[in-house]
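The values are calculated or read from the model by the stated rules, or taken from the named source; none is laboratory data. None of the values given here were measured: they were computed from a predicted structure. Please note: Cβ atoms are built from the backbone with ideal geometry, for glycine as well, and neighbour counts cover all protein chains shown.
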Amino acid sequence: MIKYIAKRLLIGVLTLFILMTLTFFAVRAIPGNPFSQDAKNLSPEAYAALEHKYGLDKPVTEQYVIYLGNALKLDFGESIAKKGQQVLDIIIERAPVTFGLGLVAFVIAVVLGLTLGIISALTKKRWVNSLITTLSTLGVSIPGFLFAIIMMYLFGVRWRILPVMGLSSPLHYVLPAFALALSPISMITRLTRSSLKDVMNKDYITLARSKGTSELMVIIKHGLKNAMLPIVTYCGPMFAGLVTGSLVIERLFTIPGIGAEFTDSISNRDYTLVMGLTIFLGLIVIIMTIVSDIVAAMIDPRIKLGK
Amino acid sequence: MTNKELVLTEDMFELLDESEKNSEFIAIQSKTFSKDTWDRFKKNRLALIGLIFLVIMILAAIFIPMFSPYGYEEQDMALRNALPSLAHPFGTDKLGRDILVRVMYGARISLAIGFASAGINLVVGIIYGGVSGYLGGKVDMIMMRIIDIIYSVPSILYTLLILMVFGNNIISMVIAISITSWIQMARQVRTQVMSLKEMEFAMAAKVLGADHMRILMKHLVVNALGPIIVCLTMMVPNAIFTEAFLSMVGIGLDPLIPSWGRLADECRQLLFTYPIHIIWPIAAICLTILSLNFIGDGLGEALEVKR
């Protein structure tokens, strides 16, 4: 187990290092420099001072080493567009908003996904089954942000029953969280359905039933517990999806989180912020993936042995 | 088994005359591979509907802008935000431009991006996955670790970096979308090649003196065409999705290029005043993605691809 965790951590660190390197050189390769808009009005001395402040006057390799060293200390420097603000402070300020929304979406996805999946796996009614299958097919195919726009129109413009801007009350969470959760709900429904259907045909389920265990206990203790593995392994990609989704959902619903900050920083060409946020978002997903892999290995020891 | 036993006697049978025998006759005409696939594909009603929709969409994208009296940039300030009418079946946007023509231009751009990036994925995926699966051993392990590392960060981060470096034109969009999506194809090809290279026909080709390149391309990849085609079909909707996503967060194509994502973003800004406009781009994106998914599922069934 420890060996497995160490291996996963090593790959994680390597991934992060590569992402940092790529980010650094990509940002350096962008034509022009971050001050080009202001540079026209600057004297050469002031321009040189600015370059010196952000360390842009040093050779690229030296900049790279300094950048790596600082990033290890979580110091991503000062934002270029937002004068006087440290990138790290911006992340600390904005991250809770995104995490809150992501957490709500995660809970919705797991609860609804499992429920729908269980119903669809166990129901004897054909119309229930085909309804759930159709909905999950649509949910996987339709982009969450387009779904969000339709919901914004219906609930926010047409019926005026849900707010569509900001996150100031629990009601504000409903639409963005559902939009974020749309694809995870559908994926978890599908995974639960196929996995649980498989498990319920196993001999140990028949055995549990024949020993007189109540049907509910059979489903929860013997069925679901053994059917969880694909859902746990899906968690890694799901977190990546939630991070990606937050970029567009936060912009649509004007939510002041990391995602909106990230897209803004790209439009503003705020390179220090872009670099800091790219690494931060990458780090979150890497950590979440490692955690879900470890949990999966704990649930099913076979994973460590084979591929 | 209370049935009376049937006793067969010699006089119940009669010998056939030599001329009446036609044991060599094959009643069913032999089918080619593509005919067989098509026959099975046709039985899947959703896939057939998807194919018909896609064909209509492509034809409309080619011909409607050719024969329409309006250009996609042609403004008519007297007729801004018009509702659908005979002259403008989808209405006009905030600058009085015909939405139908713009959606069809969008189809040209979005479908072109989709097919172009699928093409790149095909080439890169076959080469990478083919080499990795064919050589196996250490090379395979290293190549797969590289894929794992790229894959463990949300692909959108790489995509955004590429777009920042290369600007917001169509070619850099195609590159940015393809930068990570070839991985799925590479994995699929690798799995296929790994199992196919153990087959007798691969051995036979080797014994006959075929070089590695020929064995890989002529024998292994050709036999893996089913899964490759299915994987390819699924890449087009992914690319359309990514393009729309990027335009939605304000980082996509140049504002003057009327891609579907750009149109959806333009119309979204008028959601509170002219909500009807948003229907067209959303319907175009969702229906196209859905039809391509259905086609992919249908092909998967017809080609007996397990996914």
_Condition broken by A:Gly282, with the remaining ones in (1) closer than 24 Å to A:Leu146 by Cα; (2) part of a helix (DSSP H, G or I) satisfied_ = (1)
*Quick one: A:Ser183 ticks every box in (1) part of a loop (DSSP other than H, G, I, E, B); (2) hydroxyl-bearing (Ser, Thr, Tyr); (3) within 14 Å of another protein chain (Cβ to nearest Cβ) except a single one, so which number is it?*
(1)
_Members of the stretch B:75-104 found to be of a type in the set (Gly, Ala, Ser) and not in a loop (DSSP other than H, G, I, E, B), listed by number_ = B:Ala78
*Which condition number does A:Leu114 fail, the rest of (1) closer than 21 Å to A:Leu101 by Cβ; (2) under 25 Å from the mean Cα position of the chain (by Cα); (3) within 14 Å of another protein chain (Cβ to nearest Cβ) being met?*
(3)
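What number of residues within the stretch B:109-130 are within 15 Å of the chain's Cα centre (by Cα), more than 30 Å from B:Ser85 (Cβ to Cβ) and surrounded by fewer than 22 Cβ atoms within 10 Å (Cβ to Cβ)?
6
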*Could you tell me which residue of the stretch B:94-108 is surrounded by the fewest Cβ atoms within 10 Å (Cβ to Cβ), considering only residues that are touching a helix residue (DSSP H, G or I) at 6+ places or on another chain (Cβ under 7 Å) and either among the polar types (S, T, N, Q) or over 11 Å from B:Tyr72 (Cα atoms) (or both)?*
B:Arg108
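Output the number of residues of the stretch A:117-130 satisfying the condition of being in a helix (DSSP H, G or I) and more than 29 Å from the chain's Cα centre (by Cα).
6
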*Please state which one of A:Leu171, A:Leu216 is among the aliphatic types (A, V, I, L, M) and at pLDDT below 90.*
A:Leu216
*Among residues of the stretch B:155-212, those that are within 11 Å of chain A (Cβ to nearest Cβ) and among the charged types (D, E, K, R), counted*: 0
*Looking for whichever is out of contact with any Ser or Thr (no Cβ under 6 Å at 6 or more places or on another chain), among the small types (Gly, Ala, Ser) and without any contact (Cβ under 8 Å) to a residue 40 or more places away in the chain here; the options are B:Gly91, B:Gly71. Which one fits?*
B:Gly71
*Tabulated pairs, the stretch B:140-152, first at the interface with chain A (Cβ under 9 Å from one of its Cβ atoms), second polar (S, T, N, Q), C-beta under 7 angstrom, 6+ apart or interchain*: B:Ile149/A:Thr15; B:Ile150/B:Thr180; B:Ser152/A:Thr15; B:Ser152/A:Thr289
*asked:* For the stretch B:105-156, give me the residue count where each residue is under 23 Å from A:Val243 (Cβ atoms), in a helix (DSSP H, G or I) and among the hydroxyl-bearing types (Ser, Thr, Tyr).
replied: 3
_Condition check for A:Val243: closer than 18 Å to A:Val110 by Cβ, more than 10 Å from chain B (Cβ to nearest Cβ) and touching a residue at least 40 places away in the same chain (Cβ under 8 Å)_ = no
*Which of the helices (runs of 4 or more DSSP H) contained wholly in the stretch A:1-106 include at least 3 residues that are away from every other protein chain (no Cβ under 14 Å), free of Cβ contacts under 8 Å to residues at least 40 places away in the same chain and of a type in the set (D, E, K, R)?*
A:44-53
*Working only within the stretch A:131-165, note down all residues that are within 12 Å of chain B (Cβ to nearest Cβ), in a helix (DSSP H, G or I) and over 26 Å from the mean Cα position of the chain (by Cα).*
A:Leu154, A:Val157, A:Arg158
*Can we say A:Thr254 is surrounded by fewer than 19 Cβ atoms within 10 Å (Cβ to Cβ), away from every other protein chain (no Cβ under 14 Å) and β-branched (Val, Ile, Thr)?*
no
